[in-house]
Amino acid sequence: MGTVIMHNVVSVDGFIADRNDGVGPLHDWYFSGDTQLVETGAGDGDYDHSQGGGGFKLSRVSAEYVQPMWDSIGVIVMGRHLFDLVNGWEGRQPAGDHVVVVSHRPKPEGWHPEASYHFVDGVEAAIEKAQELAGDRVVAVSAGEVGGQVLAAGLVDEVAMDVAPVVFGSGKRFFGSFDGQQLLEDPHVVIQGNRVLHLKFTVRR
């Protein structure tokens, strides 16, 4: 089975968005360089995930880390809140071949029937489905409430954080409502990019 990696861009004080789901300067580093990030999702390529029309242009250092990571993803696991917020990227995910949505509600009726999106009730079932679909490729779990639940269930292998130099003060936490304690190994990835610090930790068992 592939590695389960909980991942997100995060502020220095641990937030992935403000109270209104705004990301503010968290994603500035995605547009701070001259190296194009190639999206590797199963979509047809006409959806602009950057929301700016020019795609993602990273510093060379960040691109050399992010591109192989995106290339390795087989399945994205996300919560229903994020799905609704971005309308599932209109069925065209930025990386991977499939998306598993953790939700008590079914897929919206008539929503992009061609898209390989699977709606699953509960994080354990979601990870099981994602690993089945991913094979040996990475299962990328979006941080936040669902990510925190997957961590609490002992199903996360690695935690990857792209730390942006901003303090939000309040908002949506990287680990959601998770209030336990989980030890991580020392970071095996520490890369200084332009307006971002890339970190990756193995979860200690």
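The values are calculated or read from the model by the stated rules, or taken from the named source; none is laboratory data. Just so we're clear, the structure is a prediction, and the values are computed from it rather than from any experiment. All Cβ positions, even for glycine, are placed from backbone atoms using ideal geometry, and neighbour counts span all protein chains on display. Just the protein is used for accessible areas: all its heavy atoms, side chains included, with ligands, DNA and RNA removed. Shrake-Rupley method; radii C 1.70, N 1.55, O 1.52, S 1.80 Å.
A few points about this structure:
- Among the conditions (1) touching a residue at least 60 places away in the same chain (Cβ under 8 Å); (2) open to solvent by less than 50 Å² (accessible area, probe 1.4 Å), the only one that Val203 does not satisfy is (1).
- For the residues Arg105, Arg60, the requirement of being charged (D, E, K, R), within 22 Å of Glu145 (Cα to Cα) and either free of Cβ contacts under 8 Å to residues at least 24 places away in the same chain or surrounded by fewer than 19 Cβ atoms within 10 Å (Cβ to Cβ) (or both) singles out Arg105.
- Failed condition for Pro94, given (1) within 22 Å of Met69 (Cα to Cα); (2) at pLDDT 95 or above: (2)
- Hits in the range 124-148 - residues which are closer than 22 Å to Asp186 by Cα and part of a helix (DSSP H, G or I): Gly147, Gly148
- Here Arg195 clears all of (1) open to solvent by 70 Å² or more (accessible area, probe 1.4 Å); (2) part of a helix (DSSP H, G or I) except the condition numbered (2).
Let's see how each residue does on (1) within 30 Å of Lys129 (Cα to Cα); (2) not in a strand (DSSP E or B):
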position: His49; (1), (2): yes, yes
position: Ser62; (1), (2): no, yes
position: Tyr65; (1), (2): yes, yes
position: Met78; (1), (2): yes, no
position: Asp84; (1), (2): yes, yes
position: Val101; (1), (2): yes, no
position: Pro106; (1), (2): yes, yes
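- Residues being open to solvent by 40 Å² or more (accessible area, probe 1.4 Å) and over 20 Å from Phe201 (Cβ atoms) - total across the range 146-168: 2
- Residues satisfying the stated conditions in the range 1-25, i.e. within 16 Å of the chain's Cα centre (by Cα) and not in a loop (DSSP other than H, G, I, E, B): Val4, Ile5, Met6, His7, Asn8, Val9, Val10, Ser11, Phe15, Ile16, Ala17
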